[in-house]
Amino acid sequence: MPTMILIPKFTKVTTCVVLCTTLCFTSKSTAQLSTKEPVTSADAELARFSTFYISPASHHFLENDPNRESLWRDLNHLFLTKNYDIKNNTFWEEEDMRKYNLWAYGDIFNVEKSTRKGKSQHFLPTIQFIEKIKSEPLTYRLKLSFMGQEENGFASLRMIYNILAVKRGTEFRFKRAMSEEILDWATNTTGYTRFFYNCKHGFDSDGGIKTEQLNQVMAKKFNVQPDSLQFFVCSNPAEMYRLRGFDYCNEMYEKTLDGHCEPAWSAIYSVNNSEGYPRAVAQNYLGKLYGDKIHDVFYEGYASVIGGSQGFPLEWHLHEIKLFMEKNPEKDLVKMMFAGERIGEKTNMMYHLGGLICQLTETRKGIDGLRTLFTAGKSDEDFFNAIEQIFNFKRDVLNEYLKLELRNF
């Protein structure tokens, strides 16, 4: 679970869990403003069933807007239903769902849930800000914060995220803000790959050609047509997350982040001003072909075979693991692999030991062996069944087998 920002209980931040000047929509109480302003009967009725909070700024912005009640009503319906199905929601724009597939509202799917707290509704949404950005069709930008109250008197901020609300007839439908964020970016199409990049950055045609060549190599390997990749060249993680609609999330400042892949709509994001991100090209094919069957170790592992990570090839990381094990021979590699433990800032045991297993499998069994791994299933039991099938030894031998193979690096 990513670390949360903690905000002192009495800080002057306008949020649903910090200040009582927020218009609160809860399932047990009537919405009301502590500023003594009147609340309409429509507000009170909606408050009986609502799932979010509205900041005073957002409330005042729409105070005399005839669309206010329908907007809050349909937004409430979205929050009530969005976590039931990641693939389809009546209140999300149909065109958006066709374009982005699982990622139409994937960034906020189940975002309220805290695995750390064991609650399904810990990070509650607040409408922090709203602005009108178009008249035809009528479109608002909504800035949502997801926050939770901690036991120590602090509020934890999970994310601040933007969505668009579009008027369709008498109702509102919602969509990703990414369509607005990308308007000023330039594009270049190389083969099957369309690149999006900030005009200040420019475009490296050699890098684009290499990415498209890898796209076709991966398609040939898996015996499918080359995919129409959407490749976003970002300068850093913060720019990538802003492009996707975030104002804040903790991952924006993750130093070890290489980029991001959304196979559901063939999207790849690099975060180092590069037109190349080989591991994500591999992940795109793995996600599309085996997404509901592949174990995380094999998913991250084979991506490391193709593209390494953190700017280094798989062999470099395996050498680092070898040196680590020479100093710590008692360590259990399999446990460290499943836990995704790191050696320093660059080497991830899941990525790179998974890569070693995939590399050995492809050497022994070719593409058919890889398909056995990729289709085995997502559980740890499925993982070990695949290992026993490929390597013909029991699961308790894997730790020593990996230590032995690491000597070659």
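For the reader, a short list of remarks on this structure follows.
- Residue-level check: of (1) of a type in the set (Phe, Trp, Tyr); (2) touching a strand residue (DSSP E or B) at 6+ places or on another chain (Cβ under 8 Å); (3) in contact (Cβ under 8 Å) with a residue 24 or more places away in the chain, residue 241 misses just (3).
- Candidate set: segment 260-294, residues that are among the aromatic types (Phe, Trp, Tyr) and assigned to a helix (DSSP H, G or I); chosen: the one surrounded by the fewest Cβ atoms within 10 Å (Cβ to Cβ): 265
- A Cβ distance below 6 Å, combined with a sequence gap of six or more or placement on separate chains, defines the contacts here; from segment 55-71, residues that are in the same structural domain as residue 160 (by TED's automatic domain parsing) reach residues that are part of a helix (DSSP H, G or I) and among the basic types (Lys, Arg) in the pairs 62/68.
- Residues of segment 122-134 classified as touching a residue at least 40 places away in the same chain (Cβ under 8 Å) and either surrounded by 21 or more Cβ atoms within 10 Å (Cβ to Cβ) or of a type in the set (Val, Ile, Thr) (or both), total: 7
- Selection status of residue 310, touching a helix residue (DSSP H, G or I) at 6+ places or on another chain (Cβ under 6 Å) and of a type outside the set (Val, Ile, Thr): no
- Inside segment 352-383, residues that are more than 24 Å from residue 315 (Cα to Cα) and not basic (Lys, Arg) make up a count of 7.
- Residue tally, condition in a loop (DSSP other than H, G, I, E, B) and either among the polar types (S, T, N, Q) or not assigned by TED's automatic domain parsing to the domain that holds residue 333 (or both), over segment 381-394: 1
- Residues of segment 75-118 satisfying the condition of being more than 19 Å from residue 178 (Cα to Cα) and among the small types (Gly, Ala, Ser): 114, 118
- With respect to being farther than 23 Å from residue 267 by Cβ and either in a strand (DSSP E or B) or not assigned by TED's automatic domain parsing to the domain that holds residue 65 (or both), residue 139 falls outside the description.
- Of all residues in segment 395-409, none that is not assigned by TED's automatic domain parsing to the domain that holds residue 317 has its Cβ atom under 7 Å from the Cβ atom of a residue that is part of a helix (DSSP H, G or I), 6 or more apart or on another chain.
- Pair list, Cβ < 6 Å and 6+ apart or interchain, from segment 135-151 residues that are farther than 18 Å from residue 54 by Cα to residues that are assigned to a strand (DSSP E or B) and not hydrophobic (A, V, I, L, M, F, W, C): 137/167; 138/167; 150/156
- Complete set of residues in segment 216-240 that are within 22 Å of the chain's Cα centre (by Cα), modelled with pLDDT of 95 or more and not aliphatic (A, V, I, L, M): 227, 228, 230, 231, 232
- Residue 335 being in a helix (DSSP H, G or I), in the same structural domain as residue 392 (by TED's automatic domain parsing), farther than 20 Å from residue 286 by Cβ and among the basic types (Lys, Arg): yes
- Restricting segment 74-118 to residues that are assigned to a loop (DSSP other than H, G, I, E, B) and acidic (Asp, Glu) leaves a set whose member that is surrounded by the most Cβ atoms within 10 Å (Cβ to Cβ) is 93.
- Any hit, segment 295-302, residues being closer than 16 Å to residue 356 by Cβ, in a strand (DSSP E or B), in contact with a strand residue (DSSP E or B) (Cβ under 9 Å, 6 or more places away or on another chain) and touching a residue at least 24 places away in the same chain (Cβ under 8 Å): no
- Looking only at segment 345-373, residues that are farther than 13 Å from residue 321 by Cβ, crowded, with 23+ Cβ neighbours inside 10 Å and in contact (Cβ under 8 Å) with a residue 60 or more places away in the chain come to 2 in all.
- Scanning segment 134-164 for residues that are touching a Lys or Arg at 6+ places or on another chain (Cβ under 6 Å) and closer than 14 Å to residue 174 by Cβ yields a total of 5.
- Search result, residues across segment 306-319 that are in contact with a Pro (Cβ under 9 Å, 6 or more places away or on another chain) and either part of a helix (DSSP H, G or I) or of a type in the set (Phe, Trp, Tyr) (or both): 306, 307
The values are calculated or read from the model by the stated rules, or taken from the named source; none is laboratory data. This one's a predicted model, so the numbers in the text were calculated from it and none came from an experiment. Counting neighbours? That spans all protein chains shown, and the Cβs are built from the backbone with ideal geometry, glycine included.
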